[in-house]
Amino acid sequence: EAGVAQSPRYKIIEKRQSVAFWCNPISGHATLYWYQQILGQGPKLLIQFQNNGVVDDSQLPKDRFSAERLKGVDSTLKIQPAKLEDSAVYLCASSKGVGTEAFFGQGTRLTVV
Amino acid sequence: EDQVTQSPEALRLQEGESSSLNCSYTVSGLRGLFWYRQDPGKGPEFLFTLYSAGEEKEKERLKATLTKKESFLHITAPKPEDSATYLCAVQRGSGNTPLVFGKGTRLSVIA
């Protein structure tokens with residue numbers, strides 16, 4: 001079974017530029033999450049999708065971050081404009097449904113300079 | 001607000017020296033407690049899910065246990081390849097809620 005795919009693996013941008021990350025979840029997984037992990041911290045939820053609907057985006061900085069899940073499968077996370085404090089690893093995860101474990105991708109390491 | 005506190009922040013063990021990692025949690029109606037392992041530069045890898053107090057699960061040298069307030073990850077006779085950051089996460093019982101993670105324990109096993 002293929003795992004969660006993310007791209008790119010690494011990205012370096014200047015502050016105020018825009019960037020987009022892509023995620024393809026495990027086939028058949030209805031729930032998709034985007035987490036932000038700052039060095040030395042645990043993952044922090046940005047947004048959760050159930051199929052193509054948003055379940056929780058309470059911690060998403062909506063003035064600069066946006067996310068969508070196309071046709072309930074792939075998802076993109078965008079940052080525009082980026083700030084220095086956005087430097088982190090962005091993790092995508094998926095799960096079959098309520099109460100089940102989430103499986104993570106390798107993450108995208110973003111550096112904003 | 002759901003909270004997860006892991007201790008210690010870092011742990012250094014000699015190969016074969018058994019120990020335990022702690023995860024204390026505050027959550028409104030626990031649906032599940034999850035343990036993950038994360039290697040540098042990689043995403044978290046699922047280890048265990050525990051659903052109710054008294055439950056235990058084992059995998060190789062790892063054993064996870066759960067009480068009403070905390071979970072322990074026991075590592076028996078660790079090897080250098082067990083070196084990683086171990087993350088604990090909780091999921092609240094109402095609705096399709098996300099995992100809330102602790103900061104993790106960074107484990108180093110020295111040969």
22 Å Cα-Cα threshold exceeded, pairs from A:Lys44/B:Lys68; A:Lys15/A:Lys71; A:Lys96/B:Lys103; A:Lys62/B:Lys103; A:Lys44/B:Lys59; A:Lys44/A:Lys78: A:Lys44/B:Lys68; A:Lys15/A:Lys71; A:Lys96/B:Lys103; A:Lys62/B:Lys103; A:Lys44/B:Lys59
Amide H proximity to A:Ser87 below 5 Å, modelled H, separation 5+ or other chain, gives A:Val112
Apply the Karplus curve 6.51 cos²θ - 1.76 cosθ + 1.60, θ = phi - 60°, to the phi angles in the range A:43-52 and return the couplings in whole Hz, x for Gly and Pro. x, 10, 5, 9, 7, 10, 10, 10, 6, 10
Could you tell me which of B:Ser18, B:Gln6, B:Gln38 has its Cα farthest along the dipole of the range B:3-110 towards the positive end, charges placed at Cβ (Lys, Arg +1; Asp, Glu -1), taken about the Cα centre? B:Gln6
So which trypsin sites (Lys or Arg not before Pro) in the range B:1-102 end up in coil per DSSP with only 13 or fewer other C-beta atoms within 10 Å? B:Lys68, B:Lys69
So for the protein assembly as shown, what percent of the C-alpha to C-alpha distances run longer than 32 Å? 19
Shielded residues, the range A:27-64 - accessible-area loss of 20 Å² or more between chain alone and all protein chains, probe 1.4 Å: A:Tyr33, A:Tyr35, A:Gln37, A:Gln41, A:Gly42, A:Pro43, A:Gln48
Please name whichever of A:Ile13, A:Gly42, A:Val89 sits farthest to the positive end of the charge dipole of the range A:5-112, dipole taken about the Cα centre and charges placed at Cβ: Lys and Arg +1, Asp and Glu -1. A:Ile13
DSSP loop (so not H, G, I, E, B), at most 14 other Cβ within 10 Å: list which chymotrypsin sites (Phe, Trp or Tyr not before Pro) in the range B:20-109 pass both filters. B:Tyr51
Heavy-atom accessible surface that A and B bury in contact, both chains counted, 1.4 Å, Å² to 100: 1700
No solvent, one uniform scatterer per C-alpha: report log10 I(q)/I(0) for the range B:1-82 via the Debye equation at q = 0.20, 0.22 1/Å, two decimals. -0.99, -1.16
Charged-residue dipole, Cβ positions (Lys, Arg, Asp, Glu), the protein assembly as shown about Cα centre, Debye nearest 20: 460
Using a 1.4 Å probe, what is the accessible area per residue for the protein assembly as shown, in Å²? 49
Counting sequence-distant residues (5 or more places) and residues on other chains, those with an amide H built under 5 Å from that of B:Gly32 are B:Gln91
Can I get the semi-axes of the range A:42-99's equivalent ellipsoid? Compute them from the C-alpha gyration tensor as square roots of 5 times the eigenvalues, in angstrom, largest first. 21, 13, 10
Taking the reciprocal of mean 1/r across every pair of different Cα atoms in chain A, the Kirkwood radius in Å is 13.9
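The values are calculated or read from the model by the stated rules, or taken from the named source; none is laboratory data. Predicted model only: the values in this text are computed from it and were never measured. Here Cβ is always computed from backbone atoms with ideal geometry, including for glycine, and neighbour counts include all displayed protein chains. Heads up: the accessible areas ignore ligands, DNA and RNA and are worked out on the full protein's heavy atoms, side chains in. Shrake-Rupley method; radii C 1.70, N 1.55, O 1.52, S 1.80 Å.
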